[in-house]
Amino acid sequence: MDGRPDQAGARLALREEEGGRVLAALGWLDMAATARLWPEALRAGRGGGIAVLDLSGLESLDSAGAVMLLTAAPEAEPRGASEPVAAVLARMRRALAAAPAPVKPRTPFHPITAIGRATVGVLRDARSAVAFIGETAVTALRAMARPRLLRLSEVLRHLDEVGTRAFPLTLLLGFLIGVILAYQSSIPLRRFGAEVFVPNLVGISLVRELGPLLAGVVLAGRTGSAFAAELGTMTVNEEVDALRIMGVDATAMLVLPRLLAATLVMPVLALLMNLSGIAGMTLIMATLGYPSAAVESQLQQWLTLTDLMGGLFKAACFGLVIAGIGCRAGLSAGRGPRAVGDAATAAVVGGIVAIVVMDGIFAVLFFRLGI
Amino acid sequence: MAEEPVIRAEGLAVAFNGNTVFRDVTFEVRRGEIFVILGGSGCGKSTLLKALIGLVPLAAGRAFLLGEELAAARDDATRRALLRRIGVMWQSGALFGSMTLAENVELPLEEHTALPRPAREALARAKLGLVGLGDAAARLPAEISGGMAKRAGIARAMALDPPLLFLDEPGAGLDPITSAGLDRLIVDIARDTGTTFVVVTHELQSILAIGDRCIMLDKQARGMIAEGDPRRLREESTHPTVRAFFRREAA
Ligand SMILES: Nc1ncnc2c1ncn2[C@@H]1O[C@H](COP(=O)(O)OP(=O)(O)OP(=O)(O)O)[C@@H](O)[C@H]1O
Ligand SMILES: [Mg+2]
């Protein structure tokens, strides 16, 4: 195998004899030679009925060469092979016999079947979502009666991961959003000499809408996906099954701390987003010639505590839902490594869609309630 | 002139975060030999394997494979050429989860040879047939059992007919009949093609059936405690751990 001369010297020769056609293989038939000779061998075999494989000129044979000879001339009788060559050929013959060529079941595409299958999939998914919500709610109630079920150390770990570590990103994002909003809205407002109202506009949109929403996007991207990947890996590795069999309440141990942490942290993130956004806006106002006292009095006049509280309440709801979607995506992961990636994607997409939809619902609700 | 050994390990030492796993591991493996690495769980057998193929940095010593030092390979082409002649079966199987077993076996063929697609498919099927997985070629790794994953890992390691094969616990998790079949396959391939095997295993029967020579690592000693023919070690060794190992006694 190593350093043998003339590795490319293998060749095939087809000849007619009385007993039938004879395929002779000569030289060192290794993988490189097989790659070169494969089409020729198959052409020779296609003529049909090679009766004899003449291997007397074959110096060495590897598994690829053997597979080629056996594919070209499955019925032929090998002749003149040296002992190692015969051994390789016999072994690969047994191997091929043990591995029948796959018959691919051709399932024709039926649109009706596909629609039906998709519908059943959606319904099944909806049912499992409802089951997840129910199970989590029941476990949460049980944990209220028996607080020991909830692991405080886990909650703290998640509070740190979900919250503290997201602070820099949130502050940066909020500040930039504040700068952008203030700057962009000052341009049209200046035409009416109404630049002084920039703080109202930016303040209200941040506190009521953008703060919670952007914090939710940060949470979905950073945390929802992480939850899904973490729990998805545990599911794929059968760790979740192991927990259940040990009698440990998997929902209480894995889901509740994450839900609680995300729900507690989201108002904080939204508040940070608001504050840094207002700071950014104040900076822009200063460059436009409005002192921070003017900004402050505008905000005081127009922003109410209800605006803030409504926004923070929304944020808490977003946190709960994003974490729930992330956990469920992880726990319902399929098998194999791709399942983990799919779960993470589902968590982020599901989380963002859910908060946008919820935000719409909240808008209607707050309007009706006059908040 | 004596033939250059396939593996030459000179005073290998590996440490993780300052904790020495083993040191002064020195041995040679000759062509066509089935070389067994023995030792208790956690003594560093898998680590030694990874150190030999350059996946774990050596704290000391040098390792030569097929006459070349992987760590000193200057350019990528040299590394690739060397790696092409090495097959590894990982302890965990390490199959690619998004590919079927057949595609797993085809991957090295696709990467390193010019074989046309039907040739690769036929060869991959044959390799799976060798390890008794002929009927599972179209399955995904997530759909097979642990023992099947081991065997698929062996089929993939053997895809290119490498002259040097590392197998990390090939028999673990297999029933005795399949395990014996695998042993016979290893012996046959070594005899017919001069392939060198480095096998990590705990199975006494397997060690005695296939091992030409072995070394034994030990966790307490942090290194080798025995080297030689396993059958002779069983009869003649005076080292308490070696004796206990071969007699299946608790230490
Ligand atoms: N990446 C790593 N970082 C730190 N320590 C490690 C690492 N890999 C292995 N170890 C340690 O090195 C030691 C040897 O591990 P190794 O996997 O080689 O054992 P082994 O002999 O193969 O055991 P087994 O028979 O159970 O497979 C163990 O104590 C392990 O904790
Ligand atoms: Mg190991």
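The values are calculated or read from the model by the stated rules, or taken from the named source; none is laboratory data. This one's a predicted model, so the numbers in the text were calculated from it and none came from an experiment. Cβ: placed from backbone, ideal geometry, glycine included. Neighbour counts: every protein chain shown. For the accessible areas, the whole protein counts, side chains as well, though only heavy atoms, and no ligand, DNA or RNA atoms are used. Shrake-Rupley method; radii C 1.70, N 1.55, O 1.52, S 1.80 Å.
General remarks:
- Test: residue in region B:25-41 that is surrounded by fewer than 16 Cβ atoms within 10 Å (Cβ to Cβ), part of a strand (DSSP E or B) and not charged (D, E, K, R): yes
- Verdict on residue B:177 being modelled with pLDDT of 85 or more and touching a strand residue (DSSP E or B) at 6+ places or on another chain (Cβ under 7 Å): no
- Region A:149-202, subset among the basic types (Lys, Arg) and within 30 Å of residue A:253 (Cβ to Cβ), residue least open to solvent (accessible area, probe 1.4 Å): A:157
- Only a single criterion out of (1) within 16 Å of the chain's Cα centre (by Cα); (2) open to solvent by 40 Å² or more (accessible area, probe 1.4 Å); (3) not acidic (Asp, Glu) is not satisfied by residue A:323, namely (2).
- Per-region count, region B:83-104, residues more than 16 Å from ligand 2 (Cβ to nearest atom) and not basic (Lys, Arg): 13
Listed here are the residues, each with its yes/no results for (1) open to solvent by 70 Å² or more (accessible area, probe 1.4 Å); (2) over 30 Å from residue B:152 (Cβ atoms); (3) more than 10 Å from every other protein chain (Cβ to nearest Cβ); (4) in contact (Cβ under 8 Å) with a residue 60 or more places away in the chain.
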site	(1), (2), (3), (4)
A:16	yes, yes, yes, no
A:41	no, no, no, no
A:45	no, no, yes, no
A:109	yes, yes, yes, no
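- Any chance residue A:127 is surrounded by fewer than 16 Cβ atoms within 10 Å (Cβ to Cβ) and either among the aromatic types (Phe, Trp, Tyr) or in the same structural domain as residue A:59 (by TED's automatic domain parsing) (or both): no
- Test for residue B:179: is it over 20 Å from residue A:103 (Cβ atoms) and open to solvent by 40 Å² or more (accessible area, probe 1.4 Å): no
- Pairing residues of region B:187-210 that are facing chain A (nearest Cβ under 10 Å) with residues that are open to solvent by less than 10 Å² (accessible area, probe 1.4 Å) and hydroxyl-bearing (Ser, Thr, Tyr), at Cβ distances under 9 Å and at least 6 apart in sequence or on separate chains, gives B:189/B:195; B:193/A:63.
- Put simply, of B:55, B:49 the only residue that is within 13 Å of ligand 1 (Cβ to nearest atom) and touching a strand residue (DSSP E or B) at 6+ places or on another chain (Cβ under 8 Å) is B:49.
- Residue in region A:286-295 that is on the phi > 0 side of the Ramachandran plot, more than 25 Å from the chain's Cα centre (by Cα) and modelled with pLDDT under 95 present: yes
- Matching residues, region B:1-33, being hydrophobic (A, V, I, L, M, F, W, C), more than 17 Å from residue B:214 (Cα to Cα) and within 13 Å of ligand 1 (Cβ to nearest atom): B:13, B:14, B:15, B:16, B:21
- Subset of region A:71-101 [within 14 Å of chain B (Cβ to nearest Cβ) and open to solvent by 90 Å² or more (accessible area, probe 1.4 Å)]: A:83, A:94
- The condition (being at pLDDT below 90, more than 21 Å from residue B:223 (Cα to Cα) and hydrophobic (A, V, I, L, M, F, W, C)) is satisfied by just one residue among B:128, B:123, B:95: B:95.
- Test: residue in region A:151-160 that is assigned to a loop (DSSP other than H, G, I, E, B) and under 28 Å from the mean Cα position of the chain (by Cα): yes
- Residues satisfying the stated conditions in region B:44-54, i.e. away from ligand 2 (no atom under 13 Å from the Cβ) and open to solvent by 30 Å² or more (accessible area, probe 1.4 Å): B:54
- Top-ranked residue in region B:10-24 [being more than 15 Å from ligand 2 (Cβ to nearest atom) and not polar (S, T, N, Q); ranked as surrounded by the most Cβ atoms within 10 Å (Cβ to Cβ)]: B:12
- Residue check for residue B:61: open to solvent by less than 60 Å² (accessible area, probe 1.4 Å), out of contact with any Cys (no Cβ under 8 Å at 6 or more places or on another chain) and within 16 Å of ligand 2 (Cβ to nearest atom): no
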